Amino acid sequence: MRRLPSLAVDIIIFFDNKLILIKRGREPFKNSFAIPGGFVEYGETVENAAIRESKEETGLDITKLTLLGVYSKPDRDPRGHTVSIVFHGIGSGTSKAGDDAKELGLFDLNQIPKNLAFDHNKIIRDFLIVYKGGQI
């Protein structure tokens, strides 16, 4: 039997000119901050999954959804090989923690926690390299 990796999305969301992170309410990495995201459902595009996960976890609608990259290191998720397609966008609406998000945090880019869940510190570093000085 052939094993396949899981497919996920993560979304770097800016809201009120700050980066929004969720505090995870479930394992793995329970009580750690993370980029909002989750698994793609069967029959769903990755773009729609990013918009859905953003709404479920933060209550926000997303505009300017833009692809950042693909993260596929086999050990990036302790639950198994998970490939994440990472987007960034602008959040609008009323923010509120939902789904498996225990709480929301708004962070200036120079005050991001150092021990984010999964490989999310690397993802944010990559984002900052790509968009340093540019428009988000």
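Only the coordinates and a few stated rules stand behind these numbers; no lab work does. Nothing here was measured: the structure is a model prediction, and the numbers come from that model. Here Cβ is always computed from backbone atoms with ideal geometry, including for glycine, and neighbour counts include all displayed protein chains.
Exactly which trypsin sites (Lys or Arg not before Pro) in segment 1-95 are in a DSSP loop and have at most 16 other Cβ atoms within 10 Å?
Arg2, Arg3, Arg26, Lys30, Arg79
Hey, rough spin-label estimate for Thr66 and Leu128, points 7 angstrom out along Cα→Cβ, what's it come to in nanometres?
Distance between the two pseudo-spin positions: 1.8 nm.
Amide H neighbours of Gly69 under 5 Å, counting only residues 5+ apart in sequence or on other chains, H built in-plane at 1.01 Å?
Those qualifying (amide H under 5 Å, at least 5 residues apart or on another chain) are Val86.
Which whole-Hz ³J(HN,Hα) couplings does segment 95-104 yield from phi under the Karplus relation 6.51 cos²θ - 1.76 cosθ + 1.60, θ = phi - 60°, glycine and proline marked x?
The phi angles translate into 7, 7, 5, x, 6, 8, 7, 6, 7, 10 Hz.
How big is the dipole moment of the chain about its Cα centre under a simple scheme where the beta carbon of each Lys and Arg is +1, that of each Asp and Glu is -1, and everything else is neutral? Debye, nearest 20, please.
It works out to roughly 400 debye.
Shape call for segment 1-67 from the C-alpha gyration tensor, a ≥ b ≥ c root eigenvalues: rounded (a/c under 1.5), prolate (a/b greater than b/c) or oblate? Mind dumping the intermediate values first?
Working: a/c = 2.38, a/b = 1.30, b/c = 1.84.
Oblate shape, in that a/c is at least 1.5 and b/c is the bigger or equal ratio.
What residue among Phe118, Leu67, Gly105 has its Cα farthest toward the positive end of the dipole of the chain, where the charges are +1 on Lys, Arg and -1 on Asp, Glu, each on the Cβ?
The listed residue farthest towards the positive side: Phe118.
Place +1 on the Cβ of every Lys and Arg and -1 on the Cβ of every Asp and Glu in the chain, take the dipole about the Cα centre, and give the residue among Gly91, Phe15, Met1 whose Cα lies farthest towards its positive end.
Toward the positive end, the furthest listed residue is Met1.
Under 5 Å between amide H atoms, partner at least 5 residues away or on a different chain: which partners does Lys102 have, H built in plane at 1.01 Å?
It is Lys23, Arg24, Gly25, by chain and number.
Under 8 Å for C-alpha pairs, at least 6 residues apart: give me the relative contact order for the chain, rounded to a whole percent.
32 percent.
How large is ³J(HN,Hα), in whole Hz, for each residue of segment 66-72 in order, when computed from phi with the Karplus curve 6.51 cos²θ - 1.76 cosθ + 1.60 and θ = phi - 60°, using x for Gly and Pro?
The phi angles translate into 9, 6, 9, x, 10, 10, 9 Hz.
Let a ≥ b ≥ c be the square roots of the eigenvalues of the Cα gyration tensor of segment 6-131; is it rounded (a/c under 1.5), or, if not, prolate (a/b larger than b/c) or oblate?
Numbers: a/c = 1.20, a/b = 1.12, b/c = 1.07.
Rounded, since a/c falls under 1.5.
If each residue of separation counts as 0.36 nm, what is the full-extension length gain between Phe107 and Asn121 once their alpha-carbon separation is subtracted?
Extra length available between Phe107 and Asn121 comes to 3.7 nm.
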